[in-house]
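Report on the structure given below.
The values are calculated or read from the model by the stated rules, or taken from the named source; none is laboratory data. Quantities reported herein were computed from a predicted structural model and do not represent experimental measurements. Positions of Cβ are generated from backbone atoms using ideal geometry, with glycine treated the same way; all protein chains shown enter the neighbour counts. SASA here: full protein model, heavy atoms, side chains in, ligands and nucleic acids out. Shrake-Rupley method; radii C 1.70, N 1.55, O 1.52, S 1.80 Å.
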Amino acid sequence: DATMATSPFFLAPPSTSGKQVDYKVHPLVVFSILDHYRRREPQQHRVVGTLLGEVLKTPEGSVIHIKNCYPIPHSETNDQISIDTDYHKNMAALQKRLHPKESVVGWYSTGKEISYTSSLIHEVFARRMKKNPIHLVVDATLSHSQLAVKGFIGRNIRVEGKDIVAQFEEVKVDFHTTEAAKIAVDAMINGVPEDSKELDAPATMLSELENLEHSLQELLHLLETVSDYVDGVNKGEIKGTQEVGSAIRDALASIPRVDPEMFTRMFNQKTEDLLMIFYLGNITRAQVALGNRIYEVLD
Amino acid sequence: FSLLARLLMMPARDGKTMPLKGVQIDGLALLKIIKHCEENKGESVSGQLLGLNVRGKLEVTNSFPGLPSDEKGQDHEAFLDTMMKLLKQVNVDNNSVGWYQSAFIGEWIDHDVIRTQYSFQSAIPESVVLVYDPYTTTKGNLAVKTYRLSQKFMKFYRTKDFSHVNFARHKIDTSDIFDEIPMKVHNSHLIHGFLYELQEQDKDEFSCEFDRLDLTGDMLFKRNLDIMSTCIDNLMQDQNKFSYNLRQVARLKQQQQALKIKREAKLAAGETAEDETILLKKPMPHLPRLDAYLTAHKITHYSKKLKTMIGQSVTKMFEVDALSREMCT
């Protein structure tokens, strides 16, 4: 293809149309990248790997979910870089058997910025994939006190119909998660660490009751904040705004109005049902335990 | 399950169950397990756990799924080998420490699980099975637990004799089959940094606070009770079979007694006794009771689970009551 041959870099296939493409990253991917970074060889400054994901079509364009990734062994000097493409092919084949719906959507590396070597790897991926690969950069060195996750795609700049130069363009990546992964991440954030001095001490996950207590306290805290705000506005200390006022009014209005007698009846019924289930469970357990004792006596 | 074949080829250590202080799982392994189980929610899937045993604490640092069951070709061995080799090249611990299983509508205890865990525990005494329940993990609760077979049960299972006589001899109670091991989650510093970022950036996306206050947990109760009643039905059927079997055994014993007496009488009278040694030496046809025990174990397990769920619901009900009283005044 003539255009491809003349461009200095080939970072992106010719763009099909101006359709909107959104990128969503699942937290598992970042976990995996950070874990790979931790396990890297001592002389490496950064790590490289492949991103796997699913492309979903929406009316406005498409959404690319980056759901999984795997590391690739690579070696790098100042100007040269080489990745083990055989490893990439073998692992991609294995992952395809495990997750048939996923395909290669790009590659990742850690670090702060794009370098010349990155473009070389990007080219390799762009040539193999028919679509535009995404390059995810995770800043594991925590510069600017932030663990930044940035996405880049390649863009060819055309002048008078000819590709002159190619560059990386940053794209917005959002975090997206399934409900179960959300619960797991939340459990990890709220876990109680064994040893409060060590940040990475293993943490016990809170039991359901402790979690419930946490949620209730959070609710109480919110109610107190709103109540203090309303008091402050009444006393004239704080200037109330229209939006906050109507938001509070909407929140209070969304509570269904129930006749107190009706409510007491519903409450009693529900609690009785729950206690009955509890009683049934206990009785069954006692019966089974009794049966066990009889077995011991049988012979 | 292909791993079984591989394990049976490993030299069995003396199978003594080593004391395990706890299991520590990396956030990465947990998320991978959740992803695999959630993607295949309609069936029970399993995979390998990788990690190290550090001074009595089992550290699980990574995991990978097993091949889907509809994969044609029996090259599970090749798959395992390739996967382990590839993982070793990127410095992942390729040391197997157990396996994981997803629970299908809350049910996970059955004969296959016991057999697999027994093989794992014989070859690798510290191994555990991690059970993740994709159906109960809703509304802010994460249902994942680690188990292993108790020492008593391991010894008993080795004898391969599942009659009730043997159960009594080994003093196996129905709650004795699996021991739960306390589990902790471990994340490196970098990942904690990332978790902080997530909290700040997308607080609403990742917070389950309000999910937990949801009052509509009735489907879970219904499902649990359904499973329990099926178990009870199974147990009843088994009881009938067992009592029938007991009667047969008693009858056989009687016959043997009668025969013995007749024989002794004949010998005393000097006549030659017929050779009824075959009938005399017939072994007691005891019924294998493992399934019954499993069912009973399941019932106990589910009633305990119901207890925790009810505790939560009742708490929430009283909270709603208190709030409503505040509203009405």
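Conditions tested, residue by residue: (1) over 29 Å from the mean Cα position of the chain (by Cα); (2) outside any helix (DSSP H, G or I); (3) of a type in the set (Asp, Glu); (4) more than 7 Å from chain A (Cβ to nearest Cβ).
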residue: B:286; (1), (2), (3), (4): no, yes, no, yes
residue: B:302; (1), (2), (3), (4): no, no, no, yes
residue: B:305; (1), (2), (3), (4): no, no, no, yes
residue: B:318; (1), (2), (3), (4): yes, no, no, yes
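When the stretch B:121-153 is filtered for residues that are of a type in the set (A, V, I, L, M, F, W, C), open to solvent by less than 10 Å² (accessible area, probe 1.4 Å) and touching a Ser or Thr at 6+ places or on another chain (Cβ under 6 Å), the ones remaining, listed by number, are B:128, B:130.
A single member of A:145, A:118 is at positive phi and either of a type in the set (Gly, Ala, Ser) or out of contact with any helix residue (DSSP H, G or I) (no Cβ under 9 Å at 6 or more places or on another chain) (or both), and it is A:145. Counting only residues that are assigned to a helix (DSSP H, G or I) and facing chain B (nearest Cβ under 7 Å), which one in the stretch A:246-275 is surrounded by the most Cβ atoms within 10 Å (Cβ to Cβ)? Across the stretch A:246-275, the extreme among qualifying residues is A:274. The number of residues in the stretch A:224-245 being in a helix (DSSP H, G or I) and in contact with a helix residue (DSSP H, G or I) (Cβ under 9 Å, 6 or more places away or on another chain) comes to 6. Assessment of the stretch B:99-120 against the conditions (buried (at least 18 other Cβ atoms within 10 Å of the Cβ) and over 15 Å from the mean Cα position of the chain (by Cα)) yields no matching residue.
Residue A:231 fails exactly one of the following numbered conditions: (1) more than 10 Å from every other protein chain (Cβ to nearest Cβ); (2) in contact (Cβ under 8 Å) with a residue 12 or more places away in the chain; (3) not β-branched (Val, Ile, Thr). What is the number of that condition? With respect to (1) more than 10 Å from every other protein chain (Cβ to nearest Cβ); (2) in contact (Cβ under 8 Å) with a residue 12 or more places away in the chain; (3) not β-branched (Val, Ile, Thr), residue A:231 is out only on (2).
The set of residues in the stretch B:136-163 being closer than 23 Å to residue B:44 by Cβ, within 14 Å of chain A (Cβ to nearest Cβ) and either at pLDDT 80 or above or out of contact with any strand residue (DSSP E or B) (no Cβ under 8 Å at 6 or more places or on another chain) (or both) consists of B:136, B:138, B:139, B:141, B:142, B:143, B:144, B:145, B:146. Taking the criterion of being within 7 Å of chain B (Cβ to nearest Cβ), modelled with pLDDT of 85 or more and open to solvent by 50 Å² or more (accessible area, probe 1.4 Å), the residues of the stretch A:276-299 that qualify are A:278, A:282, A:285.
Flag set for residue B:219, criterion: more than 7 Å from chain A (Cβ to nearest Cβ) and of a type outside the set (Ser, Thr, Tyr). Filtering A:221, A:214 for residues that are closer than 22 Å to residue B:209 by Cα and either in contact (Cβ under 8 Å) with a residue 24 or more places away in the chain or of a type in the set (Phe, Trp, Tyr) (or both) leaves a single hit, A:214. Taken residue by residue, the stretch A:70-93 has at least one member that is more than 10 Å from every other protein chain (Cβ to nearest Cβ), farther than 24 Å from residue A:139 by Cα and under 23 Å from the mean Cα position of the chain (by Cα). If you take the residues in the stretch B:169-189 that are open to solvent by 30 Å² or more (accessible area, probe 1.4 Å) and at the interface with another protein chain (Cβ under 7 Å from one of its Cβ atoms), which one is farthest from residue B:60 (Cα to Cα)? Ranking the candidates gives B:173 first.
For the stretch A:64-82, does any single residue satisfy the condition of being of a type in the set (D, E, K, R) and part of a loop (DSSP other than H, G, I, E, B)? Yes - at least one qualifying residue is present in the stretch A:64-82. When you scan the stretch A:200-210, do you find a residue that is under 30 Å from residue B:57 (Cβ atoms), more than 10 Å from chain B (Cβ to nearest Cβ) and either touching a residue at least 24 places away in the same chain (Cβ under 8 Å) or not polar (S, T, N, Q) (or both), even just one? Yes, the stretch A:200-210 contains at least one residue that is under 30 Å from residue B:57 (Cβ atoms), more than 10 Å from chain B (Cβ to nearest Cβ) and either touching a residue at least 24 places away in the same chain (Cβ under 8 Å) or not polar (S, T, N, Q) (or both).
Scanning the stretch A:229-242 for residues that are exposed (fewer than 11 other Cβ atoms within 10 Å of the Cβ) and of a type in the set (D, E, K, R) yields A:235, A:237, A:239. Residue A:7 satisfies every condition listed in (1) of a type outside the set (Phe, Trp, Tyr); (2) open to solvent by less than 50 Å² (accessible area, probe 1.4 Å); (3) modelled with pLDDT of 85 or more except (3). For the stretch A:29-67, a residue qualifies if it is open to solvent by less than 10 Å² (accessible area, probe 1.4 Å) and farther than 24 Å from residue A:140 by Cα, and exactly one does: A:61. Apart from one condition, residue A:34 fits all of (1) in contact with a Leu (Cβ under 7 Å, 6 or more places away or on another chain); (2) part of a strand (DSSP E or B); the exception is (2). Taking the listed residues A:225, A:204, A:178, the one that is over 24 Å from residue A:37 (Cβ atoms) and at pLDDT 85 or above is A:225, with no other qualifying.
Per the conditions (1) of a type in the set (D, E, K, R); (2) facing chain A (nearest Cβ under 10 Å); (3) surrounded by fewer than 19 Cβ atoms within 10 Å (Cβ to Cβ), the sole criterion not satisfied by residue B:212 is (3).
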